[in-house]
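Working notes for the structure below.
Throughout, read-outs are computed from the coordinates displayed, never taken from laboratory work. What you see is a predicted model; the values in this text were computed from it and never measured. Neighbour counts are summed over all protein chains in view; Cβ atoms, including those assigned to glycine, are modelled from backbone coordinates with ideal geometry.
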Amino acid sequence: MAKGRYQKWLENENLVLLEGWKRNGLTDKQIAGNMGISVNTLNKWKQRFVQIRQALKIGHESANYAVERELFQKAMNGNTTAMIFWLKNNWRDKYNDSELSPEERKLAVARMKKLEAETKNVQLRNKSLEENGADVEEALDRLLTRLDKEESKDEHERPADS
């Protein structure tokens, strides 16, 4: 990366150019090519310079708003496809027609139970540590290990349809 090469891209007219490229749908790779730099350099500059990051973000958001406005206009003018798309994405609880399969539902329930159990374990561990200190942590680890082994054993012994 040439020293100071980024400075010209921090000037207002070049920030507007970056914003316009992003608004027109160019990818970061295409924008980097237009700038004469690698996409890795662009990514570093986005992290380092808020002006560059903001210009690209504003351009992207402008494009989204423009497309959203056009879609809304098409829906309001009676384009059935646009209407369906709009409702499925903006009123999901009423118009979402995709459902989880029974297997996916079981998996989701199992994940939630596991997450709840892990959360409860962490809360109990933290409470015990606050109350009793570090020596309790070792005993708690042994207890949790034993519970995990019993839970694994129970899962393997359960019938497949439960």
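Data table
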{"item": "(i) 10, 34, 30, 20, 5, 1; (ii) 10, 36, 35, 14, 4, 1, 0; (iii) 8, 20, 13, 16, 21, 19, 3, 0, with the label sought being that of the calculated P(r) over Cα pairs in 10 Å bins from 0, in percent", "result": "(iii)"}
{"item": "The chain: angle of helix 39-48 to the longest principal axis, Cα-based, in degrees nearest 10", "result": "80 degrees"}
{"item": "Crossing angle, helix 102-132 versus the chain [Cα axis fit, 0-90 degrees, rounded to tens]", "result": "70 degrees"}
{"item": "Helix-only CD estimate at 222 nm, as mean residue ellipticity for the chain, using -39500 (n - 2.57) per DSSP H run (n ≥ 4)", "result": "-26000 deg cm²/dmol"}
{"item": "Within the chain: Cβ-based charge dipole about Cα centre, in debye rounded to nearest 20 (Lys, Arg +1; Asp, Glu -1)", "result": "1120 debye"}
{"item": "Cross-link table Lys113/Lys153; Lys29/Lys88; Lys120/Lys153, entries beyond 22 Å C-alpha to C-alpha", "result": "Lys29/Lys88"}
{"item": "Value of relative contact order over the chain, rounded to a whole percent, pairs C-alpha under 8 Å and six or more apart", "result": "14 percent"}
{"item": "Length released on extending from Asn34 to Asn14, taking residue separation times 0.36 nm less the Cα-Cα span", "result": "6.1 nm"}
